[in-house]
Amino acid sequence: MFHSIRYKFVITIIISILISSGSVFFLAINEHENLYRKSVEQNLDAMASNIADNLLSTLSEEPDPFSIITELIGLDRYEHIKFVNVFDADWNLIHYYVHPNYLNLENFSPELTSISPQDLPPDVTITDEGLAVSKTIGEEKFPVGHLLVVQDYQRPLNESKNSLFFSAIPLVMLVVVLAMMISFWIYQRLFEPLLSLTKFTKKVESTTDYDLKYRVSGNDEVSELGRNINKLLGTINAEIKTNQLNTEKLIEQQNSMQHLANYDTLTGLPNRMFFMELLRLELARSQRENEDLAIMFFDVDGFKGVNDTLGHETGDLLLKAVASKVKSFLRPGDILARLGGDEFLIMIPNLSSSLLAVNIANRIIEGLMTPFEINSWDIQTGVSIGIAKATDAEFDINTFISNADIAMYASKEKGKGSYTVFHKKMLEENRRKVQIANLITNAIAKNEFEIHYQLKISSKGFVTGLEALLRWNNDELGSISPGEFIPIAEQSGKVKSITRWLVERVFKDMNVLEKMVEQNLVVSLNISSHDLQDRSFIHFIKKNLNLYQVNIQNIQFEMTESSYLENFDSANDFFNNIRQMGGSIALDDFGTGYSSLSYLTKIQIDTLKIDRMFVMQHDSSGKDTVVLQTILDLGHRLGLQICSEGVETAEQANYLISNGSDEMQGYYFAKPLPLAKLPEAIEKAQKLYQELYYGQRQ
Ligand code: C2E
Ligand code: CA
Ligand code: CA
């Protein structure tokens, strides 16, 4: 309160009013005193002169005390005359007068007065007794006597001052009150706008509504202040609004950053990082609550092929379509995430029984059997699913994911569109896989690989081809089939060195092999899609063709249709090169991979190798015979050579020859054999041909 301007103002006004009225009052009294003294002096002087004049006649004659007394008694009228002394010409006191008002002056004795009249100046003088004046009675030069008149001064002055004081004080008070009222009124006028401005700013502070405006009227400083406050509020408001907008934008950006960081942009599904975070939390929760939880790993079969043959845009649309379809089979709490590429993971919390996960897997597999229609293509895909349970992994996240991965690979080995629930035995199998992968590294150095060749007989009965097939005999694991170790070599990135070893070995054998048959011989080598990623592979081939003086026309490369289509661009490049040099290409295991045949017109091949599945089933089902016949027709119409694999019986051989298969390969004629045993096998195979119906006709 004491700090407020109001208080200070009031105090200042009161003090200044009091000081100014006090000083005016003081000056007035002072002036009054001066005036009073002057008038009293004049009166006293005149009166003293009068008395002196009146006493002149009395004293010039024989002094008559009575007439002096009479003269002096007249002074009773002047209440403030204290006393009068009358002297003769020689300053001897001859008479004195004391006013009755002062008779009570204790022991008044005119002789004892401290005034020495002969020393007084001619004018009225202030002395201890009061105002004193001394007058000469008679002529100055011939005085007849002297007179001393003393008048009381202080008492009447005080009385006069008092009376002035008491008469003036009500007026002064009135003036002070009036002044205060006026100043209070001015204060009201001055401070009212300031107070309302203060009230206004308090309101702004409490409501934080910066849209409020102070109503300004007038042009004084307070109005100016009000105007400035309004401007300030306007600026603050604008600033707050831009800040709000910026904050909103920031939050939006933060959200989208968070979304970008946690979600896959293509499918909108959680990404790997986010999924792992969710999984970690869910694992901890499930373990605490004694619940089980499952994850499913899957990738889209043949996705790479779709990407390569139909373009990335179609591939992206396929992934989106697969994601939304798979999502439709999940329960509300299940989480589908895209790990990258065509790999997906599903989290199934609250797993009451394994059957739940199996049911979901079945629904997904069945659901994806219907082809997707994308960019007017009918795309047939499928998924291989690996299922793992948290309890089997003892709630360890890495083991959990790895188990699902192992189960997915098991599904892939089973063939498309299947699921596998992880079980502990798989770890054993996986351990063998890891062991094989480790052993491959040294197998080449230790010369553990061997090549067996399998004959291909033409429909005319000549041995026209040999397929090189790898054999591996390991000290620890014994004989390991290529069907087992090739996929492991592919997964562990070791197939490239195996292929190089194979190429070199076969080229080295070429000279001997060619001499075994009379006809032009084509030796085929199986290559994997991984070999195509190695850009120097083609140079390696050229170098070795040169080194071993091999004619590339005698060399054929075999690649499965799935490998080809999943690496469409690089395969096309590589095979183009080989064909331009004069070599040939065979599409292996034809009929097992893709239902769409449209790609056949786009690829660089010379030979179709019909998978042994069609050859073997040919007797058992009429339908399969139709398929086999169709493939043979199709191959011919496309101008391709046809080689049938897995020919095990004379009956199959007869059928194939009569239906236009150009070459046959299978146990009926010969099993894959080491080079040394080939001459004998060739002879035997030709004999077997002779025994055929066609052979007899030749
Ligand atoms: P593939 O290329 O389809 O080879 C033919 C497979 O069928 C060979 O199995 C062969 O022994 C077998 N086979 C031949 N005739 C018959 C028959 O009448 N009946 C039956 N049931 N089977 C027959 P193999 O040698 O075990 O090879 C398996 C697969 O391993 C090959 O299939 C091929 O994909 C792969 N492979 C073998 N050697 C190599 C290689 O050097 N490099 C690559 N990348 N893969 C190879
Ligand atoms: Ca082959
Ligand atoms: Ca084959």
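Among the candidates Thr265, Thr247, the residue that is open to solvent by 40 Å² or more (accessible area, probe 1.4 Å), closer than 30 Å to Ile335 by Cβ and not hydrophobic (A, V, I, L, M, F, W, C) is uniquely Thr265.
When the criteria are applied in full, Lys677 meets the requirement of being under 18 Å from Leu521 (Cα atoms) and not aromatic (Phe, Trp, Tyr).
Considered as a group, the residues in the stretch 563-608 that are in a helix (DSSP H, G or I) and aromatic (Phe, Trp, Tyr) include one that is surrounded by the fewest Cβ atoms within 10 Å (Cβ to Cβ), and that residue is Tyr599. Here Leu35 does not fit the description of being touching a residue at least 24 places away in the same chain (Cβ under 8 Å) and assigned to a helix (DSSP H, G or I). Given (1) closer than 30 Å to Pro679 by Cβ; (2) within 49 Å of the chain's Cα centre (by Cα), where does Val550 come up short, assuming only one miss? Only one criterion is unmet by Val550, namely (2). What's the total number of residues in the stretch 127-170 that are surrounded by 14 or more Cβ atoms within 10 Å (Cβ to Cβ) and either under 60 Å from the mean Cα position of the chain (by Cα) or hydrophobic (A, V, I, L, M, F, W, C) (or both)? Result for the stretch 127-170: 13. Counting residues in the stretch 651-666 that are under 60 Å from the mean Cα position of the chain (by Cα) and open to solvent by 10 Å² or more (accessible area, probe 1.4 Å) gives zero. Determine whether Glu663 is farther than 23 Å from Gln519 by Cα and either within 14 Å of ligand 3 (Cβ to nearest atom) or at pLDDT 90 or above (or both). So Glu663 does not fit the description; no.
Examine the stretch 55-70 for a residue that is within 15 Å of Leu131 (Cα to Cα), in contact (Cβ under 8 Å) with a residue 40 or more places away in the chain and hydroxyl-bearing (Ser, Thr, Tyr), and state whether such a residue exists. Walk me through how you get there before you give the answer.
Going through the stretch 55-70, the residues within 15 Å of Leu131 (Cα to Cα) turn out to be none.
No, that holds for no residue.
The requirement of being part of a strand (DSSP E or B) and at pLDDT 95 or above is satisfied by Ala388. Suppose the filter is under 27 Å from Thr441 (Cβ atoms), charged (D, E, K, R) and either without any contact (Cβ under 8 Å) to a residue 24 or more places away in the chain or within 15 Å of ligand 2 (Cβ to nearest atom) (or both); does Arg505 pass it? So Arg505 fails the test. List pairs: first in the stretch 366-392 and open to solvent by 60 Å² or more (accessible area, probe 1.4 Å), second at pLDDT 95 or above and assigned to a strand (DSSP E or B), Cβ under 6 Å, 6+ apart or cross-chain? Going by the 6 Å Cβ cut-off, there are no qualifying pairs.
Applying the criterion of being of a type in the set (Asp, Glu) and touching a residue at least 60 places away in the same chain (Cβ under 8 Å) to the residues of the stretch 550-566, the residue that is farthest from ligand 1 (Cβ to nearest atom) is Glu566.
Matching residues to (1) under 18 Å from Phe590 (Cα atoms); (2) surrounded by fewer than 15 Cβ atoms within 10 Å (Cβ to Cβ):
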site: His618; (1), (2): yes, no
site: Leu628; (1), (2): yes, no
site: Gly635; (1), (2): yes, no
site: Thr649; (1), (2): no, no
site: Ala670; (1), (2): no, no
site: Leu675; (1), (2): no, no
site: Lys684; (1), (2): no, yes
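Could you please give the count of residues in the stretch 637-660 that are farther than 25 Å from Thr601 by Cβ and within 11 Å of ligand 1 (Cβ to nearest atom)? Working first, answer last.
Our first condition is that a residue be farther than 25 Å from Thr601 by Cβ; within the stretch 637-660, this holds for 646-655, 657-658.
Within this subset, residues satisfying the condition of being within 11 Å of ligand 1 (Cβ to nearest atom) are 646-649, 652-653.
Summing the residues that are farther than 25 Å from Thr601 by Cβ and within 11 Å of ligand 1 (Cβ to nearest atom) in the stretch 637-660 gives 6.
Checking each residue in the stretch 417-448 for being assigned to a helix (DSSP H, G or I), open to solvent by less than 50 Å² (accessible area, probe 1.4 Å) and among the charged types (D, E, K, R) picks out only Lys433.
Note on the stretch 516-536: residues that are modelled with pLDDT of 95 or more and away from ligand 3 (no atom under 16 Å from the Cβ) amount to 1.
Tell me the strands (runs of 3 or more DSSP E) entirely within the stretch 449-546 that contain at least 3 residues that are within 15 Å of ligand 1 (Cβ to nearest atom) and surrounded by 15 or more Cβ atoms within 10 Å (Cβ to Cβ).
Values: elements: 449-458, 463-474, 478-480, 522-526.
Correct list: 449-458, 463-474, 522-526.
Ile348 falls short on exactly one of the conditions (1) within 30 Å of Gln533 (Cα to Cα); (2) hydrophobic (A, V, I, L, M, F, W, C); (3) open to solvent by less than 20 Å² (accessible area, probe 1.4 Å), and that condition is (1). In the stretch 567-583, of all residues being within 16 Å of ligand 1 (Cβ to nearest atom) and small (Gly, Ala, Ser), the one that is nearest to Ile610 (Cα to Cα) corresponds to Ala571. For the stretch 197-220, residues that are free of Cβ contacts under 8 Å to residues at least 12 places away in the same chain and assigned to a helix (DSSP H, G or I) total 7.
Consider the stretch 467-496 and keep the residues that are over 49 Å from the mean Cα position of the chain (by Cα) and among the aliphatic types (A, V, I, L, M). The one that is farthest from Asp534 (Cα to Cα) is Leu477.
Give the residue, chosen from Ser481, Ser524, Ser528, that is in contact with a strand residue (DSSP E or B) (Cβ under 6 Å, 6 or more places away or on another chain) and within 15 Å of ligand 2 (Cβ to nearest atom).
Values: Ser481 fails: in contact with a strand residue (DSSP E or B) (Cβ under 6 Å, 6 or more places away or on another chain); Ser528 fails: in contact with a strand residue (DSSP E or B) (Cβ under 6 Å, 6 or more places away or on another chain).
Only one candidate passes the filter, namely Ser524.
The values are calculated or read from the model by the stated rules, or taken from the named source; none is laboratory data. It should be emphasised that the depicted structure is a prediction, and the values quoted were computed from it without experimental measurement. Counting neighbours? That spans all protein chains shown, and the Cβs are built from the backbone with ideal geometry, glycine included. Accessible surface areas use protein heavy atoms only, side chains included; no ligands, DNA or RNA. Shrake-Rupley method; radii C 1.70, N 1.55, O 1.52, S 1.80 Å.
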